[in-house]
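To keep things clear, I will list the structure first and then write my remarks on it.
The values are calculated or read from the model by the stated rules, or taken from the named source; none is laboratory data. The shown structure was predicted, so the numbers you read here are calculated from the model rather than taken from an experiment. Here the Cβ positions follow ideal geometry from the backbone for every residue, glycine too, while neighbour counts run over all protein chains shown.
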Amino acid sequence: MNDCHCRSQIRRAPLAGLLLLVAAAAFLILPAMVQAQAGAGARTLDLEMYWDLQTAGNPEISPDGRQVIYTRGWIDKQSDRRRSEVWVMNADGTRKRALAEGSSPTWSPDGTRIAFLASRNGERNQINVRWMDDEGAVSQITRLEKAASNIRWSPDGRQIAFNMDVDDKTSWSISMPKRPEGATWTSEPKVVERAVYRRDRQGYVDDAYTHIFVVSAEGGAVRQLTDGDWNHSSPEWTPDGRELVFSSLRVEDAELEWRHSEIYSVNVADGTLRQLTDRRGQDSGALPSPDGRSIAYLGDDWHTDTYRNRKVYLMDRDGSNPRVISGDFDRGVQDMMWAADGRGLYFTANSEGDRNLHYVSVNGGVREVTRGTHQISAHSMSGNGRIAVTLSSFHEPGDIYLLNPSRPDRMERLTEANADLLRNVRLGDVEEIWYTSTDDLDIQGWVVKPPDFDPARQYPMMLVIHGGPHAMYGVGFNYAWQEHAANGYLVLYTNPRGSTGYGSVFANEINNAYPGKDYDDLMAGVDALIARGYVDEERMYVYGCSGGGVLTAWVVGHTDRFAAASSNCPVVNWFSFVGTTDGVGWYNNFEHFPWDDPSEHLRRSPLMYVGNVSTPTMLMTGEGDLRTPMPQTEEYYAALKVLGVPTAMIRFQDEWHGTSSNPSNFIRTQLYLRSWFERWGGSPESTPATGILTGTP
């Protein structure tokens, strides 16, 4: 079978080399484990080391700027679960100490206490408060049947607002005959009447809505502020403590207009609800200003695009005078927070693989605060304006820094969570590439090289495809790819059209055209790497999950140039998918309903091209997957079996969407992938450097 080799070229990224001192400073203070990678006694990354990988995140700087609380994540090898602990340290990174097992810590406004979430003895997450004095007493202030989330202190520190699911009291019931004494009957069925499903690991749950509650910071009765058939976002207090603002999607609206939401406020004293925005579109992320006079939020008019970056808006507290303040800035806004002086807001945004800090003035206009080849997430700001962030880069899994926006070249590193684990470990270099694809689109990608890379040799290559499909691969640390590289593979990952981080137009290139020319982008990336001369074309492999699984199945149906493939958690049949995934809102992703005209659904379905497949193709999916349900995997597996194409179906236990939420399943995923690829192409060590295949099973 022949395929189209698209024109490709290598060029530097438009922003390559534009690194400010902040980037240099960040990497000059990397721990010894990165600086000494090639030192004596160095080793390579392996899967056994994964059990010791830790995370440092969710930094919250105290109001006086003197301390930072954060979470430290680790893997419990015995229970095969990831655990989280709340830690505290001085703002210079000294005196680190554990406080409690839990997550989502947040300071009280006066800095005397912290609130956090913790689950004990298998119960749902409860709100706990710990005093930060010498005694350090901890009180569990809620005992809820359902999990609390999104905890927010009131400005006076007396109350805590939070979200919790509420059972739908209008659920349909019937009157069954009396059960005989001692009889064991089958459990009652789950009755589903709503269009948007709620999910858990066991299946569809359709009996709850997310609402807003408050509880005294000393414990006591929990008071519900909102009710009805609504799902509410995290609440944010107004500075006077009288109201909470939030965004909400009425469930009945979700059936027809899933891109529609509004911003509301609720009076904490009497529960009075006010609607602050009123347009056909999506408004969310409401943040009251420090003086309480304005509310910033993200918004966009209603549209039929599959992706569009929203703008930063500002309105008066009563909802009047809404206006855009971010101008023509066309990147996705995240981690938005008000500056301490109220003159603007800080936020992070993905752009061309990086994520950096930006500032938008209330008078309009966006400027960059940091630049660099890294991914920054902003979490909190102290009263003196310092911002606590996490930072990850190619060789850094992620640590906590303090950043002064007026001096971004002097970021202070506070943690080195994996310094001991990665000390004297040789990681693979990561190189950025740009190339031109169909329609003269410039596409960005990266290649992770084996630690002992020799450009005079040829190496097997894995093409990895991201999901979403509206998502962005970037420059953050990736254990899976580094571990593949340590086993002798080149790992190529790219951002084809449809990816975020390149503007709304680029992301919307696949609107009603997916899969399509994104396949050209992927193949052009492969050709660009082959042109370097160090790819063994007889041992090229491809895999991806979710949207990446879709495109992997599409790839093997359109080319035979890969020795083996793994289509993980895929969609292969859009016709059956839209009625079996977790929510009929997926119907709105298509211009026409499938029963009106199934032709486009079928034309974009990888299953329709399975007759072209000759590539050995494995499938891996979690048995609890509701986003890309197991029947999608089964359809493709059955078709490949009927056609005699080598295949295998790996059904992961205790997994929802993906195959790696449990640590042991991450390791299994890595091993199954390489085992399948090596079955059809040989191990990296067994093939001569010339790249000539010596034999296949």
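Tabulated data
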quantity: Those residues of segment 144-174 which are touching a Gly at 6+ places or on another chain (Cβ under 9 Å) and either among the basic types (Lys, Arg) or not in a loop (DSSP other than H, G, I, E, B) (or both), in sequence order; calculated: Arg158, Gln159
quantity: Qualifying residue in segment 247-260 (condition: touching a helix residue (DSSP H, G or I) at 6+ places or on another chain (Cβ under 9 Å), in a strand (DSSP E or B), surrounded by 17 or more Cβ atoms within 10 Å (Cβ to Cβ) and modelled with pLDDT under 95); calculated: no
quantity: Given (1) assigned to a helix (DSSP H, G or I); (2) surrounded by 17 or more Cβ atoms within 10 Å (Cβ to Cβ), number of the condition Thr621 does not satisfy; calculated: (1)
quantity: Segment 511-542, subset of a type in the set (Ser, Thr, Tyr) and in a loop (DSSP other than H, G, I, E, B), residue farthest from Pro646 (Cα to Cα); calculated: Tyr534
quantity: Near pairs, Cβ below 7 angstrom, 6+ apart or cross-chain, from segment 59-74 (of a type in the set (S, T, N, Q)) to any residue that is assigned to a loop (DSSP other than H, G, I, E, B); calculated: Ser62/Gly111; Ser62/Ser382; Gln67/Ala91
quantity: Residues being modelled with pLDDT of 95 or more and touching a Ser or Thr at 6+ places or on another chain (Cβ under 9 Å) - total across segment 381-397; calculated: 9
quantity: Gly445, sole failed condition from (1) touching a residue at least 60 places away in the same chain (Cβ under 8 Å); (2) farther than 29 Å from Leu607 by Cα; (3) buried (at least 24 other Cβ atoms within 10 Å of the Cβ); calculated: (2)
quantity: Tally of residues being of a type in the set (D, E, K, R) and under 16 Å from Asn478 (Cα atoms) across segment 405-431; calculated: 3
quantity: Qualifying residue in segment 391-402 (condition: free of Cβ contacts under 8 Å to residues at least 60 places away in the same chain and hydrophobic (A, V, I, L, M, F, W, C)); calculated: no
quantity: Boolean, Tyr672 is hydroxyl-bearing (Ser, Thr, Tyr), in contact with a Gly (Cβ under 6 Å, 6 or more places away or on another chain) and either surrounded by fewer than 17 Cβ atoms within 10 Å (Cβ to Cβ) or modelled with pLDDT of 95 or more (or both); calculated: no
quantity: Options Ser382, Ser326; residue that is surrounded by 18 or more Cβ atoms within 10 Å (Cβ to Cβ) and either touching a Lys or Arg at 6+ places or on another chain (Cβ under 6 Å) or free of Cβ contacts under 8 Å to residues at least 40 places away in the same chain (or both); calculated: Ser326
quantity: Subset of segment 543-576 [assigned to a helix (DSSP H, G or I) and surrounded by fewer than 24 Cβ atoms within 10 Å (Cβ to Cβ)]; calculated: Phe575, Ser576
quantity: Unique residue being of a type in the set (Val, Ile, Thr), under 15 Å from Ile263 (Cα atoms) and more than 24 Å from the chain's Cα centre (by Cα) when the list is Ile325, Ile295; calculated: Ile295
quantity: Hey, Met89 over 23 Å from Arg72 (Cβ atoms) and among the hydrophobic types (A, V, I, L, M, F, W, C) or not; calculated: no
quantity: Residue within segment 548-559 that is of a type in the set (Phe, Trp, Tyr) and farther than 27 Å from Leu626 by Cβ present; calculated: no
quantity: Candidates Arg355, Arg331, filtered to the one that is more than 14 Å from Ala296 (Cα to Cα), in a loop (DSSP other than H, G, I, E, B) and either modelled with pLDDT of 95 or more or not polar (S, T, N, Q) (or both); calculated: Arg331
quantity: Enumeration of residues in segment 346-365 that are crowded, with 20+ Cβ neighbours inside 10 Å and of a type in the set (A, V, I, L, M, F, W, C); calculated: Phe347, Ala349, Leu357, Val360
quantity: Scan of segment 261-298 for residues that are over 20 Å from Leu225 (Cα atoms) and either exposed (fewer than 13 other Cβ atoms within 10 Å of the Cβ) or at pLDDT 95 or above (or both), ordered by number; calculated: Asp278, Arg280, Ser289, Pro290, Asp291, Gly292, Arg293, Ser294, Ile295, Ala296, Tyr297, Leu298
quantity: Residue that is surrounded by the most Cβ atoms within 10 Å (Cβ to Cβ) [pool: residues in segment 133-146 that are touching a residue at least 60 places away in the same chain (Cβ under 8 Å) and of a type in the set (A, V, I, L, M, F, W, C)]; calculated: Ile141
